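Asker: Would you mind keeping the following structure in view while I ask a few things?
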Amino acid sequence: MKNSPSTTERIEMHRKMVLVRRLEERLGELHKAGKTRGPIHRCDGQEAVGVGATAMLATSDYVTSTHRGHAHYVGKGLGVHGIAAEILGRETGYCGGRAGHMLIGEKASGVIGGNAIVGASIPAATGMALSIQVRGGSDVAMCFFGDGAAQTGICHESMNIAALWKLPVVFVLEHNQYGLTVHHSVQSPVADLSIRGAGYAIPSEIVDGNDAVAVYRAVATAVERARRGEGPSLVEAKTYRMQGFSTSDMGGYQGEEDLAAWAARDPIKVSFASLVDAVGQERLEQVEQEAVAEVDAAIEAALEAPLPTFAVFEKTAPYAESF
Amino acid sequence: MAKLRYAEALNQALREEMQRDPSVFLFGEDIARYGGVFKVTRGLMDEFGEGRVRDTPISEQTLAAMAVTAAMTGTRPILEIMYADFMPLVLDALINQASIYEYLWNDVSMPFVLRTQGGGGAGAGAQHSKSLDSLVAHIPGLKVVAPVTPADAKGLLKTAIRDSQPVIFLEHKLLYNLRDDVPDDPDFTVEIGKARTVCEGADISIFATSRMVLESHKAAELLAADGISAEVIDLRSLRPLDLSAIKTSIAKTHHAVVVNEGWRFCGYAAELSATIMDHAFDDLDGPVARVTLPDMPVPYSEPLEMAVLPNAAKIADAARATLR
């Protein structure tokens, strides 16, 4: 099938999904143990979207993310130590502890970056795509956003402009069913938000967001189209948020039946089942164990890493009296 | 040196910088085919093409956010927001996006310019006449300039385009037809953060922004008739402020009036007043006087609008009151 990932790529996607899952689980433990600050927005169950959609990107391509971006970060190539250390507020984090887990950015990897104003990742990627077009490059900008962000005015404005100017942007709608605690049926009259693409003449596709290979195929087609200068595409990946809005979420509004049904279709299970015949159980389990060990080591190292010391940021503080 | 209108001086700055640097591009509403509602971008699409001079949909919120990220990824965007009254629409891009990334992320710069124009006096009504300087000057990480003369318009815009940080460039609708000498030299620039002395004086310092500099100059003439020697300082750069010029002038006159066309409460004049107290309190012999728009919408009808706008007479009155 066109744009199918190779077995090697599929193993790498599997590995990255396990990295993300282990990171989320460890962060949950650390939060309960009082070793993290502020809310953490876990993406358990959504790993196939972030990992599958970024697997075909080059380092020079850009990704804009959300407040729930760990799979996007790992997918686009950020290392687990830098992510974990940033989340733990350490000097060795990607942003030296200045950003925290929602706002991780690393320009050299094209991750600029996390964005915790819901919807803001959409014009952010559109602006990068404008920059690419003005400069005349063949890079693409990929935007992750959720079904909650799809209801913002800037989503409409950005899609209109991107389509009007044929900007090289790929809109990846990570439909996890909830905007904070509010189900999508209470936020939008339509269940399939990708039908809105027609209003902008943007090709749109719905994919199983728990199947990394399905995500990869659809997004790869969109990326190729963008690189050819034919404009934006919209991929709506249907998935489900398994762990509540954030670590501060008291829960109680997600149905047990829904949770059980989506757990049965866990993206890592789906990936394992589809790879096991070709790769073998032993090798896949080894990949998983190594990924788990990598995350555990990264977190131990991050916990040992020094906390940052404050320095006055001269650019935003021209008057010493501010301090 | 040529005599140019303020709008023509801006146009010349844009043309020179676009010729100099292919990563500079313009976008905004009505700026390309029509040349901008104040004619600042006239002729530029014909010269530089539709790729670098773009008409946009009416989508200010997104356009500003796009300027931020386009600037972070290798271009120098110049966005025109037609009226300063529309600035509330772009505040997320400025406050939650532009102002944070240079601090949070490594190796990021944001060389974009957001041009807009504000101010009253043209009968444009309550949604097209405001000066919202304090909204943008409040934001750390942004530079804010407001030229008054055609030469400063050109020189400051060129500097703003070359700056590695976001610059909010505030024009005034009543300044576009002002005609004066403008240097032809393509290397002519005006440094951001330096005030300009409009006229020297010994008794009181008047610190003003944008069109209020012209009213303050007229006020100095009114005061001269009363035997009061007023020094008028055009701040030019609202952030960063030229603290040295402010302190030097007050050390000489020991009195200060601050003039800004925006609202009074929590306004730019309030910040100026507090800054003067922080830095020059020991040199002051009287309270800092503030002249601003009253805290109300700008009315439409001419006598109503003229009643609320700050002007030379109000500035002179404020100066006399604080000297008393």
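Asker: Tally up the residues in segment A:1-51 that are under 20 Å from A:Glu224 (Cα atoms), more than 14 Å from the chain's Cα centre (by Cα) and of a type in the set (Gly, Ala, Ser), please.
Answerer: Looking only at that region, the number is 2.
Asker: How many residues does segment B:223-269 contain that are among the hydrophobic types (A, V, I, L, M, F, W, C), without any contact (Cβ under 8 Å) to a residue 60 or more places away in the chain and surrounded by fewer than 24 Cβ atoms within 10 Å (Cβ to Cβ)?
Answerer: To start, the set of residues in segment B:223-269 that are among the hydrophobic types (A, V, I, L, M, F, W, C) comprises B:223-225, B:228, B:230, B:232-233, B:235, B:238, B:241, B:243, B:245-246, B:250-251, B:256-259, B:263, B:265-266, B:269.
Checking which are without any contact (Cβ under 8 Å) to a residue 60 or more places away in the chain leaves us with B:224-225, B:232-233, B:241, B:243, B:245-246, B:250-251, B:258-259, B:265, B:269.
Okay, now just the ones that are also surrounded by fewer than 24 Cβ atoms within 10 Å (Cβ to Cβ), so B:224-225, B:241, B:243, B:245-246, B:251, B:265.
Residues that pass the stated criteria total 8.
Asker: Among the numbered criteria (1) closer than 23 Å to B:Thr62 by Cβ; (2) assigned to a loop (DSSP other than H, G, I, E, B); (3) modelled with pLDDT of 95 or more, which one does B:Gly141 miss?
Answerer: (3)
Asker: I would also like to ask the following. Of a type in the set (Gly, Ala, Ser), over 16 Å from the mean Cα position of the chain (by Cα) and either within 11 Å of chain B (Cβ to nearest Cβ) or surrounded by fewer than 22 Cβ atoms within 10 Å (Cβ to Cβ) (or both): does that describe A:Gly77?
Answerer: For A:Gly77, the condition - of a type in the set (Gly, Ala, Ser), over 16 Å from the mean Cα position of the chain (by Cα) and either within 11 Å of chain B (Cβ to nearest Cβ) or surrounded by fewer than 22 Cβ atoms within 10 Å (Cβ to Cβ) (or both) - is not met.
Asker: Among B:Glu50, B:Glu102, B:Glu16, B:Glu8, which is outside any helix (DSSP H, G or I), of a type in the set (D, E, K, R) and in the same structural domain as B:Leu175 (by TED's automatic domain parsing)?
Answerer: B:Glu50
Asker: Check B:Glu261, B:Glu305 and return the single one that is among the charged types (D, E, K, R), closer than 18 Å to B:Gly119 by Cα, in the same structural domain as B:Ser216 (by TED's automatic domain parsing) and assigned to a helix (DSSP H, G or I).
Answerer: Of the residues listed, the single one that is among the charged types (D, E, K, R), closer than 18 Å to B:Gly119 by Cα, in the same structural domain as B:Ser216 (by TED's automatic domain parsing) and assigned to a helix (DSSP H, G or I) is B:Glu305.
Asker: Which of the residues spanning segment B:27-57 are within 12 Å of chain A (Cβ to nearest Cβ), on the phi < 0 side of the Ramachandran plot and not charged (D, E, K, R)?
Answerer: B:Phe27, B:Phe48, B:Gly51, B:Val53, B:Thr56, B:Pro57
Asker: If you don't mind, there's one more thing I want to ask. Here are the criteria: (1) assigned to a strand (DSSP E or B); (2) aliphatic (A, V, I, L, M); (3) within 8 Å of another protein chain (Cβ to nearest Cβ). Tell me which single one A:Ile161 does not satisfy.
Answerer: Unmet condition: (1).
Asker: Now for a separate question. Spot the failing condition for B:Gln117; the list is (1) within 14 Å of chain A (Cβ to nearest Cβ); (2) assigned to a strand (DSSP E or B); (3) not hydrophobic (A, V, I, L, M, F, W, C), and only one is missed.
Answerer: (1)
Asker: Could I ask something else about it? From the residues in segment B:270-289 that are among the charged types (D, E, K, R) and part of a helix (DSSP H, G or I), which one is surrounded by the fewest Cβ atoms within 10 Å (Cβ to Cβ)?
Answerer: Among those that are among the charged types (D, E, K, R) and part of a helix (DSSP H, G or I), it is B:Asp282.
Asker: Of all residues in segment A:98-123 being more than 10 Å from every other protein chain (Cβ to nearest Cβ) and either in contact with a helix residue (DSSP H, G or I) (Cβ under 7 Å, 6 or more places away or on another chain) or closer than 12 Å to B:Trp105 by Cβ (or both), which is modelled with the lowest pLDDT?
Answerer: This residue is A:His101.
Asker: Just need a number here: residues in segment B:144-166 that are buried (at least 24 other Cβ atoms within 10 Å of the Cβ) and part of a loop (DSSP other than H, G, I, E, B).
Answerer: Within segment B:144-166, residues that are buried (at least 24 other Cβ atoms within 10 Å of the Cβ) and part of a loop (DSSP other than H, G, I, E, B) number 4.
The values are calculated or read from the model by the stated rules, or taken from the named source; none is laboratory data. Remember, it's a predicted structure, so these values are computed and weren't measured experimentally. Positions of Cβ are generated from backbone atoms using ideal geometry, with glycine treated the same way; all protein chains shown enter the neighbour counts.
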